[in-house]
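Before any comments, here is the structure.
The values are calculated or read from the model by the stated rules, or taken from the named source; none is laboratory data. In this text, all values refer to a predicted model and were calculated from it rather than measured experimentally. All Cβ positions, even for glycine, are placed from backbone atoms using ideal geometry, and neighbour counts span all protein chains on display.
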Amino acid sequence: MNAAMNASIPNGTTETIDGVERVFYDGYWIKAYDPPADSLQAKKTLIQALTRRLFNHVEHGINIPGKRLGDARRAYEAETDPARKRVKGAMLAGAMFNRATDIFTKLVELQELGVEIDMDNALMRECGVCLQEALHLGRMVLHRSGEEGIDELWGEPFRAFSIPVEAFYESRYIKIAQTLRDIDRVGTVMNATFTGNRPFQGVTEVVDRFVRAAKVKCETLRTDSMVFDVWADFVVASEELSAFLPQLSCPPCASEQQEAADGHRLILQGRDLVTYITRARTPMPKSTAEYFERCEHYAARVRQSQAASRRS
């Protein structure tokens, strides 16, 4: 499922594959979902879901209620210590984000009462300003891993606010395709790192199962009836990868023990990285590049150790 396909297929092509409607983007056939009707109510529901999603993936402590926006801004502007200012900027971003959601929610409630709301409404403009400022300040916010920020999570609500719902769904398919590509890349690097490393014989099959489960999880919405099986498969595959232990000589030498410990740590880090990417449904380029660098250093050290063993 979702294997790379012929590059000549136009993006946006739809096809039923094994009874499932899929849409093609950038080499992947992604499970397709019908977008809701383009309305303020649909945008409200979408932005609320994106708000929950954002705070589920970013660092703790920044989910500040919109009604405390003034307090958050004063605290940020008064701070002079750079490290503390970053944290307070993240808190201000959270407050701006929640203020925008508050405004949009009330506008939809007014519309439901029969009040006509157009896109040029002053509160609609204020909502857009809040989302824009939240997007700008969101660059200060880290993912819960602490490794990097994910600007994409801050930009999604503004896109959902600014463009038709159907266009927003299309943009998400493009981002999911990029995410699937990076999940594949991490799996490929993990396998290349441990291929030929005797203590880790058999790990590539476990990595492949984990990657397949991660890709299915990435393309599946939480509202999908299949999510129970999909999430269970992903968790079990993750646990299986975590439980993989290198098979050492008896008795192992100190260098073999160290290489095994370092390699196992890399496997756990790869599992965590794929999990972060999968759950956020967006690439994490900084974390991915740093992980690839660690894998390359480890593989080079193992090659040197194996060469030294053959010479001795």
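A few notes on this one:
- Cβ-Cβ under 7 Å pairs, at least 6 apart or on other chains, the stretch 67-78 side hydrophobic (A, V, I, L, M, F, W, C), far side assigned to a helix (DSSP H, G or I): Leu69/Ala95; Leu69/Met96; Leu69/Arg99; Ala72/Met91; Ala72/Leu92; Ala72/Ala95; Ala75/Lys88
Every residue, every condition in (1) over 18 Å from the mean Cα position of the chain (by Cα); (2) buried (at least 17 other Cβ atoms within 10 Å of the Cβ); (3) closer than 15 Å to Met190 by Cα, yes or no:
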| residue | (1), (2), (3) |
| --- | --- |
| Val227 | no, no, no |
| Tyr276 | no, yes, no |
| Met284 | no, yes, no |
| Tyr291 | no, yes, yes |
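- Considering the stretch 6-63, and only residues there that are touching a residue at least 40 places away in the same chain (Cβ under 8 Å) and charged (D, E, K, R), the residue that is farthest from Glu219 (Cα to Cα) turns out to be Glu59.
- Scope the stretch 131-172; condition not in a helix (DSSP H, G or I) and not charged (D, E, K, R); matching residues: Val141, Leu142, His143, Ser145, Gly146, Gly149, Ile150, Ile163, Pro164
- Qualifying residue in the stretch 179-191 (condition: at pLDDT 95 or above, over 21 Å from the mean Cα position of the chain (by Cα) and not aromatic (Phe, Trp, Tyr)): yes
- Selection within the stretch 74-117 - surrounded by 13 or more Cβ atoms within 10 Å (Cβ to Cβ) and over 24 Å from Ala160 (Cβ atoms): Ala75, Tyr76, Glu79, Lys85, Arg86, Val87, Lys88
- Taken over the stretch 235-263, the residue count meeting the criterion of being loosely packed, with under 14 Cβ neighbours inside 10 Å and either free of Cβ contacts under 8 Å to residues at least 24 places away in the same chain or of a type in the set (Gly, Ala, Ser) (or both) is 13.
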